[in-house]
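Shown next, in structure tokens, is the structure this report addresses.
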Amino acid sequence: MPAGPGRNIRGVNLSTRGELLATNRPTPRYIDEHFARVENRWDPDANPDGYVSMCIAENKLVWDLLGPKLAAGREVPQRVVEYDAMVGTASFREALAIFLERHMVGRPIDPDHVIALAGAGTVLEMLFYTIADPGEGILVPTPSYSGFWPDLETRDELQIIPAHTTSESGFRLTVDQLDEAVAAASVPVRALLFTSPNNPLGCVYSHDELEDIITWAETREIHLVFDELFALSVYGEAAFVSGASLRPALGPRIHLVWAFSKDFAASGLRCGILVSENEGIRQAVDGLAYWAAVSGDTQFVLEQMISDDAWVDEFTAENQRRLGLAYREVTAALEKASIPHVSAQAGFFFLCDFRPFMDEVTWEAEAELWEWLLTTANANLTPGADCHIGEPGFMRLVFPSERTAAVVAGIERMGTALAERRRS
Ligand SMILES: Cc1ncc(COP(=O)(O)O)c(C=O)c1O
């Protein structure tokens with residue numbers, strides 16, 4: 001086929017789908033801006049005007065605990081360099097089943113129902129590939145983790161149907177909002193993707209709230225995927241309840257996703273987990289796993305880590321303590337800077353309300369303010385628009401993405417700049 005217009009990037013012919021990917025990169029701008037600035041990080045002495053990242057969902061508060069544990073598991077056996085099951089070695093999946101039972105679900109999990117792939121994003125992409133066909137809809141309550149859009153829409157070609165919650169009701173989700181979103185959808189809705197603890201709200205959902213969600217999905221006979229990546233990163237009063245713990249079995253339509261990325265501050269190791277009792281789904285994912293397997297070396301090191309119950313308990317307790325401490329320090333800094341925010345009890349986030357700093361509360365004004373904060377205060381937040389929130393004026397702030405002193409310095413700079421902007 002001759003190269004038509006737009007099929008010839010930089011002199012190299014691409015397929016239509018390659019061209020589409022090359023010209024519509026799924027990465028949002030705040031992430032590109034982050035990587036452009038990251039080498040110029042804030043330092044109190046050497047670089048006080050340096051860049052402060054508050055936009056990437058990472059936890060930098062526990063490396064002193066994690067680093068030695070990873071290093072201690074380096075005596076690897078030969079099998080880590082050999083081919084093995086692409087969905088995870090038998091011993092890793094056994095260790096994961098015990099870990100998930102003990103720390104999240106509270107009842108035995110069959111290791112055969114556990115699959116490990118290269119990160120939660122990959123798990124979601126492959127799981128939804130097997131659940132829905134191109135053009136079909138997946139319901140996602142908003143505000144939401146921005147990555148669901150590339151995960152589900154880029155290669156799976158699904159359409160996310162947002163179920164918007166509102167600031168007026170503290171962004172709590174009701175089943176009426178789910179009904180409204182389904183009614184407004186122009187495509188069949190095949191699943192609900194539900195995140196608890198929530199990114200970016202930092203809330204946990206109670207047993208009763210989860211019961212309503214599960215009953216809603218069961219009544220409609222659609223798949224329900226619980227994304228529980230922040231299950232162990234709860235620092236507030238409310239206890240985490242896993243959606244997977246509410247029924248004696250998951251059945252064919254409830255699936256659980258977790259990863260080492262957040263609760264073990266190990267996003268770079270790329271290890272995400274799927275628990276599904278649906279044999280067909282597991283077989284289909286198995287058919288794709290070869291292209292996104294977790295390295296044998298990483299599986300081995302993580303297996304050693306999660307098999308040490310005492311270490312996991314100690315690490316988790318200390319991680320939660322540090323998250324709570326950082327949350328309180330950052331709350332004080334936000335209050336001093338007069339930046340209102342939704343209070344949180346889990347995860348890495350504040351959803352900040354910048355409406356008081358806008359003359360007109362519009363999407364354009366939000367984008368302008370985000371850019372202005374980036375250039376004036378050298379501080380990068382996640383725009384609410386990227387969280388697909390239903391109303392403009394909000395931005396997500398990730399508080400453990402740098403040491404707390406850096407985040408506090410970034411907020412102070414934003415507070416000073418915003419106060420000056422108000423006066424001028
Ligand atoms: C709710 C949620 N799900 C999935 C992911 C993707 O995680 P991973 O880095 O393991 O692909 C993230 C990352 O921020 C997330 O916040």
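If I require 27 Å or longer along the helix axis, counting alpha carbons, and a Kyte-Doolittle average no lower than -1.0, what helices from the chain are left? Use full DSSP H segments. Kindly include the intermediate steps, with their values, before the conclusion.
On the way: long enough: 309-336 (40 Å, -0.64); 404-423 (28 Å, 0.02).
Span-like helices, by this rule, are 309-336, 404-423.
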Review point. Listing R253, R328, R423 from the residue with the fewest other Cβ atoms within 10 Å to the one with the most, what is the order?
Key: R423, R328, R253
Review point. Among the DSSP beta bridges whose two residues both lie in the chain, what percent are antiparallel, rounded to the nearest 5?
Key: 50 percent
Check your understanding: When the C-alpha atoms of segment 52-189 are aligned to their principal axes, what extent does each axis show, in angstrom, from largest down?
Key -> 55, 38, 33
Review point. From the residues Y327, G236, L173, which one has its Cα farthest along the dipole of the chain in the positive direction, the dipole being from +1 and -1 charges on Cβ of Lys/Arg and Asp/Glu about the Cα centre?
Key: Y327
Review point. Among H207, H223, H388, which one moves the most in a GNM of the chain with springs linking Cα atoms closer than 10 Å?
Key: H207
Revision key, fill the gap. In whole angstrom, largest first, the equivalent ellipsoid semi-axes that the Cα gyration tensor gives for segment 43-130 are 33, 19, 16
Study note, to complete from the structure: Packing-ranked peptide list from 125-132, 31-38, highest mean Cβ count within 10 angstrom first, is 125-132, 31-38
Revision key, fill the gap. So for segment 313-424, using the alpha carbon gyration tensor with a ≥ b ≥ c as root eigenvalues (a/c under 1.5 gives rounded; past that, a/b versus b/c decides prolate or oblate), I'd call it prolate
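Using a/c under 1.5 as the rounded threshold, could you call the chain rounded, prolate or oblate? The axes a ≥ b ≥ c are square roots of the C-alpha gyration tensor eigenvalues, and prolate needs a/b larger than b/c, oblate otherwise.
rounded
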Exercise for review: Enter the Cα centre distance for the pair segment 158-229 and segment 254-318, rounded to the nearest angstrom.
Suggested key: 24 Å
Check your understanding: Tell me, in nm to one decimal, what length is gained between R29 and A183 on full extension, where the rule is 0.36 nm per residue of separation less the Cα-Cα distance?
Key -> 52.3 nm
**Study point:** Principal axes of segment 77-311: Cα extent on each, largest first, Å
**Key:** 55, 41, 31
Point to revise | Net charge of neighbours whose Cβ lies under 14 Å from the Cβ of V182, counting Lys and Arg as +1 and Asp and Glu as -1 | key: -3
Exercise for review: Tally the DSSP beta bridges in segment 77-311 and give the antiparallel ones as a percent, rounded to 5.
Suggested key: 35 percent
Review point. Under the rule of -39500 (n - 2.57) per DSSP H run of 4 or more residues, summed and divided by the residues of the chain, what mean residue ellipticity at 222 nm is obtained, to the nearest 500 deg cm²/dmol?
Key: -12000 deg cm²/dmol
Study note, to complete from the structure: Once amide hydrogens are built 1.01 Å from N within the peptide plane, the residues lying 5 or more places from I254 or on another chain with amide H under 5 Å from its amide H are L224
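Using Cβ contacts closer than 10 Å as the measure, can you line up E94, E364 from fewest to most? It would help to have the intermediate numbers written out before the result.
Working: E94 18, E364 10.
With the sparsest Cβ surroundings first, the list reads E364, E94.
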Check your understanding: Given the options R322, R41, R74, which has the most mean-square fluctuation in a GNM of the chain, springs set between C-alpha atoms less than 10 angstrom apart?
Key -> R74
Revision key, fill the gap. Residues other than L374 with Cβ under 9 Å of its Cβ, Lys/Arg counted +1 and Asp/Glu -1, net out at -1
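Taken together, the values in this text are just the output of simple stated rules run on the coordinates, not laboratory data. Predicted model only: the values in this text are computed from it and were never measured. Cβ coordinates were reconstructed from backbone atoms using ideal geometry, including for glycine residues, and neighbour counts include every protein chain displayed.
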